[in-house]
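S.K.: First the structure, which I've put down as structure tokens, then a few questions once you've had a look.
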Amino acid sequence: MNLVEVLVAALVFAIAGGSSLRVWGGSAASSQSAQLQEQWLLQIDADLQRSEGTLRHAAAARGPLESCDAAVAFMQQAVVGEARANPQVGLPAAVARQVLPQRLQLDDTPVAVLVLRYGLTKPGAGPRLQRERLLAPQAYGLCGASTDLAQQPVPGVTP
């Protein structure tokens with residue numbers, strides 16, 4: 001084996017080793033990113049459960065309100081107040097949470113709901129992943145029987 005063959009073999013070995021390290025590093029970074037995203041999703045689920053528990057307790061203490069719009073405003077205050085009262089159980093900085101009142105059309109009837117929207121953001125970019133939950137005041141007994149969602153049929157579902 002002459003010197004040229006040894007140099008070519010060393011060069012091929014170095015290129016293969018460098019490429020392998022880059023692939024391994026990218027795979028490790030991707031795996032770590034997926035684990036971090038899974039942890040964030042678990043924290044979002046925990047925050048949703050805390051918010052729903054807060055609403056159940058607040059609704060039990062308050063009782064029905066005069067209108068569904070007032071009930072949604074009450075729900076929004078309860079959820080936002082709970083987050084301010086317990087900042088130690090907050091969400092990581094990469095998770096943005098919005099608590100929004102909204103009106104939906106359900107069978108040509110406007111229905112007031114509270115929207116909890118979570119967005120996972122990448123630094124320097126917009127939201128990557130979004131999760132949202134619609135909370136109806138009727139489900140918590142905060143709204144009168146004017147728009148009873150439990151009695152309305154769901155399209156595509158037979159009783």
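S.K.: Kindly provide the set of residues from the stretch 55-68 that are within 13 Å of Tyr140 (Cβ to Cβ) and out of contact with any strand residue (DSSP E or B) (no Cβ under 8 Å at 6 or more places or on another chain), ordered by number.
M.R.: Start the filter on the stretch 55-68 by keeping residues that are within 13 Å of Tyr140 (Cβ to Cβ), which leaves 55-65, 68.
Across the stretch 55-68, the qualifying residues are Arg56, His57, Ala58, Ala59, Ala60, Ala61, Arg62, Gly63, Pro64, Leu65.
S.K.: Does Leu55 satisfy the condition of being surrounded by 15 or more Cβ atoms within 10 Å (Cβ to Cβ), of a type in the set (A, V, I, L, M, F, W, C) and part of a loop (DSSP other than H, G, I, E, B)?
M.R.: no
S.K.: Would you check if Ala71 is closer than 12 Å to Ala136 by Cα, of a type in the set (A, V, I, L, M) and either touching a residue at least 60 places away in the same chain (Cβ under 8 Å) or out of contact with any Cys (no Cβ under 9 Å at 6 or more places or on another chain) (or both)?
M.R.: Yes; evaluated as a whole, the condition is true for this residue.
S.K.: Inspect all residues belonging to the stretch 51-59 and state whether any of them is within 15 Å of Arg117 (Cα to Cα), touching an Asp or Glu at 6+ places or on another chain (Cβ under 9 Å) and hydroxyl-bearing (Ser, Thr, Tyr).
M.R.: Within the stretch 51-59 (the criterion being within 15 Å of Arg117 (Cα to Cα), touching an Asp or Glu at 6+ places or on another chain (Cβ under 9 Å) and hydroxyl-bearing (Ser, Thr, Tyr)), the answer is yes, since at least one residue qualifies.
S.K.: Right, here's the next one. Whether any residue in the stretch 26-40 is touching a residue at least 60 places away in the same chain (Cβ under 8 Å), assigned to a helix (DSSP H, G or I) and under 30 Å from Tyr118 (Cβ atoms) is what I want to check.
M.R.: First, pick out the residues of the stretch 26-40 that are touching a residue at least 60 places away in the same chain (Cβ under 8 Å): 37, 40.
Imposing the further condition that a residue be assigned to a helix (DSSP H, G or I) reduces the set to 37, 40.
Cutting the leftovers down to under 30 Å from Tyr118 (Cβ atoms) gives us 37, 40.
Yes, because at least one residue in the stretch 26-40 is touching a residue at least 60 places away in the same chain (Cβ under 8 Å), assigned to a helix (DSSP H, G or I) and under 30 Å from Tyr118 (Cβ atoms).
S.K.: On the basis of being of a type in the set (D, E, K, R) and within 30 Å of Gly141 (Cα to Cα), does Arg22 make the cut?
M.R.: For Arg22, the condition - of a type in the set (D, E, K, R) and within 30 Å of Gly141 (Cα to Cα) - is not met.
S.K.: While we're looking at this one, here's another question. Report yes if some residue within the stretch 4-12 is aliphatic (A, V, I, L, M) and in contact (Cβ under 8 Å) with a residue 12 or more places away in the chain; otherwise report no. If you could, list the steps in order and put the result at the bottom.
M.R.: Initial filter on the stretch 4-12 (aliphatic (A, V, I, L, M)): 4, 6-12.
Retained after the next criterion (residues that are in contact (Cβ under 8 Å) with a residue 12 or more places away in the chain): none.
No, the stretch 4-12 contains no residue that is aliphatic (A, V, I, L, M) and in contact (Cβ under 8 Å) with a residue 12 or more places away in the chain.
S.K.: Here are Arg117, Arg128: which of them is assigned to a strand (DSSP E or B), modelled with pLDDT of 85 or more and within 19 Å of the chain's Cα centre (by Cα)?
M.R.: Details: Arg128 fails: modelled with pLDDT of 85 or more.
None of the others qualify; the one that does is Arg117.
S.K.: For the stretch 141-159, state whether one or more residues are over 24 Å from Gln37 (Cα atoms), modelled with pLDDT of 85 or more and either among the β-branched types (Val, Ile, Thr) or not in a strand (DSSP E or B) (or both).
M.R.: yes
The values are calculated or read from the model by the stated rules, or taken from the named source; none is laboratory data. It should be emphasised that the depicted structure is a prediction, and the values quoted were computed from it without experimental measurement. Backbone-built Cβ (ideal geometry, glycine too); neighbour counts: all protein chains shown.
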